[in-house]
Amino acid sequence: MGRIAVGRTSEIPEGKMQKATVDGRDILVANVDGSFYACDDTCTHSGASLSEGTIDGTTITCGWHGAKFDCKSGKLEKFPAKIRDLRSYKITVEAGTIFVEV
Ligand code: FES
């Protein structure tokens with residue numbers, strides 16, 4: 001599909017994340033110490049929006065049942081049951097605009 005603009009760097013402060021919908025797909029964009037990362041926003045456990053959870057470093061925690069994922073890789077870090085990793089996406093920033101490759 002290509003590279004899609006999902007927002008401005010000024011809209012996501014450090015340590016925050018927000019959801020962007022790209023071609024019907026919900027993607028979480030996170031600002032970790034000034035670097036931007038993107039992964040699926042939908043938790044692979046029961047479908048919560050991960051951007052409504054919390055973030056600590058690169059670890060995002062689902063607000064529903066506490067699954068932890070790395071927002072850089074999409075890998076599951078911690079959950080009592082085996083659930084799928086998230087898909088991660090390449091990000092580029094140009095002139096303050098954040099682009100996700102989907
Ligand atoms: S929906 Fe995310 S941990 Fe259950």
Length gained if D23 through T97 is fully extended, taking 0.36 nm per residue and subtracting the Cα-Cα distance, is 24.8 nm
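Counting trypsin sites (Lys or Arg not before Pro) as exposed when in a DSSP loop with at most 15 other beta carbons within 10 Å, what is the longest stretch of the chain free of them? Don't jump to the answer; show the numbers that get you there.
Details: sites that count: K16, K75, K82, R84, R87.
My reading of the result: 17-74 is the longest stretch.
Just in the stretch 30-82: which chymotrypsin sites (Phe, Trp or Tyr not before Pro) are loop by DSSP and have at most 15 other Cβ atoms within 10 Å?
Those satisfying the criteria are W64.
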Taking loop as defined by DSSP and a crowding limit of 16 other beta carbons within 10 Å, which GluC sites (Glu not before Pro) in the stretch 4-102 fit? E14
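We did not get these values from a lab; they are worked out from the coordinates using the rules stated. Not measured: the values here are computed from a predicted model. Note that we place each Cβ from the backbone using ideal geometry, even for glycine, and neighbour counts take in every protein chain shown.
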